[in-house]
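Presented below is the structure to which this report refers.
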Amino acid sequence: MKDCQISAYTFITTWVNLFWGDLMDFLDKLKKFHDYEEQLKWEGTFADYLELVKKNPIIAQSAHSRVYRMIISAGVSEQDGHKHYHFFDGQIYGLDEAIERLVEEYFHPAAKRLDVKKRILLLMGPVSGGKSTIVTMLKRGLERYSWTDEGAVYAIKDCPMHEDPLHLIPSHLRDDFYKETGIRIEGNLSPLNAMRLEQEYHDEIEKVKVERIFLSEDKRVGIGTFSPSDPKSQDIADLTGSIDFSTIGEFGSESDPRAYRFDGELNKANRGLMEFQEMLKCDEKFLWHLLSLTQEGNFKAGRFALISADELIVAHTNETEYRAFISNKKNEALHSRMIVMPVPYNLKVTDEEKIYKKLISESDVANVHIAPHALRTAAVFSILTRLKESKSRGIDLVKKMRLYDGEIVEGFNAADIKELRNEFPDEGMSGIDPRYVINRISSAIIRKGVPSINALDILRSIKDGLDQHPSITDESRKRYTEFIAVARREYDELAKREVQKAFVYSFEESAKTLMDNYLDNVEAYCNSNKIFDPITGDEIDPDEKLMRSIEEQIGISENAKKAFREEILIRISAYARKGKRFNYQSHERLKEAIQKKLFADLKDVVKITTSSKTPDETQLKRVNEVIARLVDEYGYNTTSANELLRYVGSLLNR
């Protein structure tokens, strides 16, 4: 009993020390963050602020410029002939072309004060395509960026709209200011600050208090979000602020700016960004205010002159609502003030798989084991539903999918990919959305009731869910069912290759040995030479039987064998000139032939071993070795490895 008490005491003491230690570490981090926050805070007079501007003019940048610089500061690289903006890494996948267009056609020219700046940015695309994620990333990015030196934002102290201090400079002095600093001042002093300048500071501009602000959606500083509700109950004050009737008696007039709450979303989003959710569903009166804001940089509120605002307005909608909007002639004025950026679904299998992994990692099922290739198989299905049949090249959807994913497809090159993409500019604007697939994966996990699911579980769940999807027509349901069958065939090949590699001890070495043997014979054949037999030391003819046994795996006919062999030698020569090493993966068709040959040689062994209900000791040992290799080297767990072996065994027995 005493020992048990000591053990319990030791356990509790240890746990308390660890918990308290972790807690103290966390509290220490909080303190350091608070200290850092205090260091960044700045307050001074307008005269002090001008000195900061002269030293670092970038702090006087516009909201559009701030967003562009924020994106660029994260880094830019070239990928597949397109610019890749690292700002969107980890959240947006497969939309490099859409993001590049967004940055280069909107953010960049807007940052340069070109006319694009006077447009509402409207992201248009299918549901769950990434529109909201893009906007959220911009908002969170601005919050972080305002804590940096480059993204620092300064405002007139105690101004509810966080007004730009440079608005204090009178209009007749702004040309001189531009000549001296190169900074253009746009916008006029707000009614409230004009009154404060007169009454609090007695028109002594240099004494006006200025402070550094940090953009925050939660605190409604420089970032706003407007979501329409019932047009009958929603007030325009949600956008532009409202009169504070409790102060009318004190200030005597509704036109006194002190009697007005400058707390609408347009007020609070000044100096940053406002997200206009479901903009096209809004009542017209809410959209009228956007006309002058986008074109002139100001809006009307209460009984005041036009109020200046420097903010980027981002809206998003789906294609159906957008088409209905532009078909209404009454919307022409607003439509002309929009820049519409299509945001289609991703069309790359590899990136679609990353989307699923991200969504699963953020859920409560992140600890469930998902067998290798399961998410890829789901991604194959999703991408197939989004692609359009090409009429000009006679290419099927599977080959098109592989080309888009960066795979080498015989007979096609980079120019063909560009041609295929240009054939259907709206490709990716329809099809299955990622949320549907994630919902079906979740359903598969719950239904199976074990902490492991595989590709077949997911495909089965996707198929069952098609009947419950409200927006899928009977025609689409039939088409999607066919794509499920195609995705399963793709998985069947992956599964067989996976088991093949697991059965072949040291697969890479076996493939290399077989390839080297094949290449020795091919070289001798093409050069009309003999080869040296390492065992007898004799010179012998090239082994035609060996070469054909490999070539036949990929359908190379007797008439085509010479051309194929010469093609291999040309590829080897090209690699040698570039100083690159040629291996069995350097030629896609040769790689496929080598793999199939190795598997064919082992097929009977695999078939017997995986399908035997009462395996003998040798078979059982081999199965256990394969399972161990699948677990240790290929990412399976014991359950999914056993399921894979049983499934491949059933495929081989058909």
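The values are calculated or read from the model by the stated rules, or taken from the named source; none is laboratory data. Quick caveat: nothing in here was measured; it's all calculated off a predicted structure. Cβ atoms come from the backbone with ideal geometry, glycine included; neighbour counts cover every protein chain shown. Accessible surface is based on the protein model in full, side chains and every heavy atom, while ligands, DNA and RNA are left aside. Shrake-Rupley method; radii C 1.70, N 1.55, O 1.52, S 1.80 Å.
Looking at 531, 550, 535, which is the one that is at pLDDT below 90 and in contact with a helix residue (DSSP H, G or I) (Cβ under 9 Å, 6 or more places away or on another chain)?
Selected residue: 531, the only one of 531, 550, 535 that is at pLDDT below 90 and in contact with a helix residue (DSSP H, G or I) (Cβ under 9 Å, 6 or more places away or on another chain).
Looking only at region 154-166, which residues are within 22 Å of residue 295 (Cα to Cα), hydrophobic (A, V, I, L, M, F, W, C) and under 37 Å from the mean Cα position of the chain (by Cα)?
Within region 154-166, 161 is the sole residue that qualifies.
Out of the residues in region 436-454 that are in contact (Cβ under 8 Å) with a residue 12 or more places away in the chain and hydrophobic (A, V, I, L, M, F, W, C), which is farthest from residue 348 (Cα to Cα)?
450
Could you list all residues from region 38-75 that are among the β-branched types (Val, Ile, Thr) and in contact (Cβ under 8 Å) with a residue 40 or more places away in the chain?
Scanning region 38-75 gives 45, 53, 58, 59, 67, 71.
Run residue 93 past the list (1) in contact with a strand residue (DSSP E or B) (Cβ under 9 Å, 6 or more places away or on another chain); (2) not in a helix (DSSP H, G or I) and report the number of the one that doesn't hold.
Of (1) in contact with a strand residue (DSSP E or B) (Cβ under 9 Å, 6 or more places away or on another chain); (2) not in a helix (DSSP H, G or I), only one is false for residue 93: (1).
List pairs: first in region 482-500 and open to solvent by less than 10 Å² (accessible area, probe 1.4 Å), second basic (Lys, Arg), Cβ under 9 Å, 6+ apart or cross-chain?
If the second residue must be basic (Lys, Arg), the pairs left are 500/596; 500/603.
Filter region 288-315 down to the residues that are surrounded by 15 or more Cβ atoms within 10 Å (Cβ to Cβ), touching a Leu at 6+ places or on another chain (Cβ under 8 Å) and among the acidic types (Asp, Glu) and list them by number.
311
Can you tell me which residues in region 167-196 are under 44 Å from the mean Cα position of the chain (by Cα), among the aliphatic types (A, V, I, L, M) and outside any loop (DSSP other than H, G, I, E, B)?
Of everything in region 167-196, those that are under 44 Å from the mean Cα position of the chain (by Cα), among the aliphatic types (A, V, I, L, M) and outside any loop (DSSP other than H, G, I, E, B) turn out to be 168, 192.
Name the single residue, out of those in region 33-53 being open to solvent by 90 Å² or more (accessible area, probe 1.4 Å) and under 19 Å from residue 156 (Cα atoms), that is modelled with the lowest pLDDT.
Among those residues, the one meeting the criterion is 41.
How many residues does region 140-162 contain that are in contact with a Phe, Trp or Tyr (Cβ under 7 Å, 6 or more places away or on another chain) and over 20 Å from residue 43 (Cβ atoms)?
1
Would you confirm whether any residue within region 114-133 is open to solvent by less than 20 Å² (accessible area, probe 1.4 Å) and closer than 29 Å to residue 156 by Cβ?
yes
Filter region 197-220 down to the residues that are open to solvent by less than 40 Å² (accessible area, probe 1.4 Å), over 43 Å from the mean Cα position of the chain (by Cα) and touching a residue at least 60 places away in the same chain (Cβ under 8 Å) and list them by number.
Correct list: 205, 208.
Quickly run through region 248-264 and pick out the residues that are open to solvent by 30 Å² or more (accessible area, probe 1.4 Å) and assigned to a helix (DSSP H, G or I).
The answer is 248, 249, 250, 251, 258.
For residue 435, which of the numbered conditions (1) of a type in the set (D, E, K, R); (2) in contact with a helix residue (DSSP H, G or I) (Cβ under 6 Å, 6 or more places away or on another chain); (3) within 24 Å of residue 465 (Cβ to Cβ) fails to hold?
(2)
Starting from residues that are on the phi < 0 side of the Ramachandran plot and in contact (Cβ under 8 Å) with a residue 60 or more places away in the chain, keep the ones in region 422-435 and report whichever is surrounded by the most Cβ atoms within 10 Å (Cβ to Cβ).
434
Based on this model, can you work out whether residue 30 counts as open to solvent by 70 Å² or more (accessible area, probe 1.4 Å), out of contact with any Pro (no Cβ under 9 Å at 6 or more places or on another chain), at pLDDT below 90 and under 23 Å from residue 212 (Cβ atoms)?
yes
With the checklist (1) open to solvent by 50 Å² or more (accessible area, probe 1.4 Å); (2) part of a loop (DSSP other than H, G, I, E, B) in hand, flag the one item residue 285 doesn't pass.
Unmet condition: (2).
Pick from 471, 510, 452, 528: which is closer than 30 Å to residue 624 by Cβ, of a type in the set (Gly, Ala, Ser) and open to solvent by 30 Å² or more (accessible area, probe 1.4 Å)?
After ruling out the rest, the residue left standing is 510.
Every residue in region 356-410 that is hydrophobic (A, V, I, L, M, F, W, C), closer than 25 Å to residue 635 by Cβ and part of a loop (DSSP other than H, G, I, E, B), please.
If the condition is that a residue be hydrophobic (A, V, I, L, M, F, W, C), closer than 25 Å to residue 635 by Cβ and part of a loop (DSSP other than H, G, I, E, B), then 365, 366, 368, 371, 408 are the ones that fit.
Pick from 605, 626, 631: which is in a helix (DSSP H, G or I) and buried (at least 18 other Cβ atoms within 10 Å of the Cβ)?
626
Return yes when residue 150 is at pLDDT 95 or above, under 30 Å from residue 206 (Cβ atoms) and assigned to a loop (DSSP other than H, G, I, E, B) and no when it is not.
no
When residues of region 105-125 are filtered for being under 22 Å from residue 331 (Cα atoms) and either in contact (Cβ under 8 Å) with a residue 40 or more places away in the chain or assigned to a loop (DSSP other than H, G, I, E, B) (or both), how many remain?
Total satisfying the criteria: 11.
If we keep just the residues of region 57-90 that are under 14 Å from the mean Cα position of the chain (by Cα) and farther than 30 Å from residue 309 by Cα, which is surrounded by the fewest Cβ atoms within 10 Å (Cβ to Cβ)?
So, considering only residues that are under 14 Å from the mean Cα position of the chain (by Cα) and farther than 30 Å from residue 309 by Cα, the one surrounded by the fewest Cβ atoms within 10 Å (Cβ to Cβ) is 90.
Could you please let me know if residue 101 is touching a helix residue (DSSP H, G or I) at 6+ places or on another chain (Cβ under 8 Å), open to solvent by 70 Å² or more (accessible area, probe 1.4 Å), in a helix (DSSP H, G or I) and basic (Lys, Arg)?
The answer is no for residue 101.
Out of everything in region 634-654 that is at pLDDT 85 or above and outside any helix (DSSP H, G or I), what residue ends up being surrounded by the most Cβ atoms within 10 Å (Cβ to Cβ)?
Of everything passing the filter in region 634-654, 636 is surrounded by the most Cβ atoms within 10 Å (Cβ to Cβ).
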